[in-house]
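We did not get these values from a lab; they are worked out from the coordinates using the rules stated. Because the structure is predicted, anything quoted here is derived from the model rather than measured. Glycine gets a Cβ as well: all are built from the backbone with ideal geometry, and neighbour counts include every protein chain shown.
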Amino acid sequence: MAESARKSMSVEEFFDWQMRQEELYELVDGFPVPRWHTMTGASRYHDAIVVNILTSLKSQLKGSRCQPTTPDNGVRTRIKGIRRPDVTVTCDEPQANRYEAGDPRLVVEVVSPSNEGVSWQRKIDEYRRLQGLTYILLVESRAMQATLYTRRNSDWEPLDADGPEAVIDLPEIGCRLTMRDVYEGLSFPSPDAEAP
């Protein structure tokens, strides 16, 4: 990591520094942390799930003021904190020289071997503090399973979705994700298949 990354940074300093790096970083308590802790990038399943979710949301949000973004757009979670969800739905106006989603309503994180070192509870807690954020969706890459956290006043209600027939409703942004669409093109062993 570059020498300049060893001192605490503001969000603005971080984005200026990030533009000179080859990998994506998150800003945690003022210090850059590689987004991919194993530095191997995403698996093909992880990537396919992200593309499937982006494609579905992009189509459904067409004509609305909201749009899905990739990890290239960060989400400010603290004064000195930037996270990079796999997918974010933001409802702010895009600006040419802005690198963060200003009004996130949904964040999606795909859980896979490439991000096993991530402190998920801390990340979820940071997302929960975001005003205006309605949904946090965690999607498993090794099985057809997801958990949607929905804000209900000051509480967050979890709802599990399992199997190809399950549907994830996101009425606050006018969308729904079917598990069949989320996992399109991917196959998993049957849950009742006997282990060898």
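Observations on the structure shown:
- The dipole here belongs to the chain: it is taken about the Cα centre, uses +1 on the Cβ of Lys and Arg and -1 on the Cβ of Asp and Glu, and is about 540 debye.
- Once the Cα gyration tensor of the stretch 73-196 is diagonalised, semi-axes √(5λ) in Å: 27, 16, 14
- Near VAL87, the amide H atoms lying under 5 Å from its own belong to VAL108; only residues 5 or more places off or on other chains count, and H is placed 1.01 Å from N.
- In this simple spin-label approximation, ALA96 and VAL167 carry label points 7 Å from Cα along the Cα→Cβ vector, and these lie 4.3 nm apart.
- Each of ILE136, LEU186, GLN18 was scored by the projection of its Cα onto the charge dipole of the chain, and the greatest displacement toward the positive side belongs to GLN18; charges sit on the C-beta of Lys, Arg, Asp and Glu.
- DSSP bridge orientation in the chain - percent antiparallel, rounded to nearest 5: 80 percent
- Estimated FRET transfer efficiency (GLN131, ASP181; beta-carbon r; R0 35 Å; 0.05): 0.75
- When peptides 159-170, 132-143 are sorted by average Cβ neighbour count within 10 Å, with the highest value leading, the order is 132-143, 159-170.
- Relative contact order (percent, whole number), the chain, Cα cutoff 8 Å, 6+ residue spacing: 17 percent
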